[in-house]
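J.: Before I ask anything, here is the structure I am working with.
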Amino acid sequence: MAIDEKRPTPIRTDGTADFFEAAKRGEFMLQHCRNCDQCSFTGYKYCPNCYAKTEWRHSDGIATVKSFAIVTESSHGGFKKLLPYAVTTAVLGEGPTLSLRYDGEVGNIAIGQNVKIAFEDNGPDEATPVWVAL
């Protein structure tokens, strides 16, 4: 008997709760340092550059693909439905780099391509960030 496995969703922490609340509304947020204004995406409440407190601010979520890997096999039932899919690392205009699943045809992704954050609806309490073609 096949079990319909759900894909795991990101784990919330005290430092990421604001991010995930915004994600449910379809908004992408980045951490900005109150002191040096460096952007980060660590989930910690302090800047990795100067250790001052950070705050979450809206971002347009536009990035450039740096690398990607196409996944063709999975032992997890929730991911088997997506095969093949690409795990894509992209650099946001504000500086941080994020690795997320690319939501689109894997043959249509290329290094240097512009992508944008979108959110996959995982029910009333969760939204998972993915890259989509711009």
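The values are calculated or read from the model by the stated rules, or taken from the named source; none is laboratory data. These figures come from a predicted structure and were not determined experimentally. Cβ atoms come from the backbone with ideal geometry, glycine included; neighbour counts cover every protein chain shown.
J.: Applying the selection to region 1-11, what residues are within 16 Å of the chain's Cα centre (by Cα) and loosely packed, with under 14 Cβ neighbours inside 10 Å?
T.: Residues of region 1-11 that are within 16 Å of the chain's Cα centre (by Cα), as a first pass: 7-11.
The answer is PRO8, ILE11.
J.: Another question about this same structure. Which residues, counting only those in region 12-59, are under 15 Å from the mean Cα position of the chain (by Cα) and loosely packed, with under 13 Cβ neighbours inside 10 Å?
T.: Listed by number, the residues that qualify are ALA17, ARG25, GLY26, HIS58.
J.: Give VAL91, VAL71, VAL65, VAL115 a once-over and let me know the one that is of a type in the set (A, V, I, L, M), in contact with a Lys or Arg (Cβ under 7 Å, 6 or more places away or on another chain) and modelled with pLDDT of 95 or more.
T.: Working: VAL71 fails: in contact with a Lys or Arg (Cβ under 7 Å, 6 or more places away or on another chain); VAL65 fails: in contact with a Lys or Arg (Cβ under 7 Å, 6 or more places away or on another chain); VAL115 fails: in contact with a Lys or Arg (Cβ under 7 Å, 6 or more places away or on another chain).
Exactly one residue qualifies, and that residue is VAL91.
J.: Of the residues GLY112, GLY123, only one is in a loop (DSSP other than H, G, I, E, B) and touching a residue at least 12 places away in the same chain (Cβ under 8 Å); which?
T.: Details: GLY123 fails: touching a residue at least 12 places away in the same chain (Cβ under 8 Å).
Of GLY112, GLY123, the one residue that is in a loop (DSSP other than H, G, I, E, B) and touching a residue at least 12 places away in the same chain (Cβ under 8 Å) is GLY112.
J.: A further question follows. Give the residue that is nearest to TYR102 (Cα to Cα), with candidates limited to residues of region 24-58 that are touching a Phe, Trp or Tyr at 6+ places or on another chain (Cβ under 7 Å) and in contact (Cβ under 8 Å) with a residue 40 or more places away in the chain.
T.: Within region 24-58, the match that is nearest to TYR102 (Cα to Cα) is GLY26.
J.: Which of (1) touching a residue at least 24 places away in the same chain (Cβ under 8 Å); (2) of a type in the set (Gly, Ala, Ser); (3) not assigned by TED's automatic domain parsing to the domain that holds PRO129 is the odd one out, the single condition ALA17 does not satisfy?
T.: Going through (1) touching a residue at least 24 places away in the same chain (Cβ under 8 Å); (2) of a type in the set (Gly, Ala, Ser); (3) not assigned by TED's automatic domain parsing to the domain that holds PRO129 one by one, ALA17 breaks only (1).
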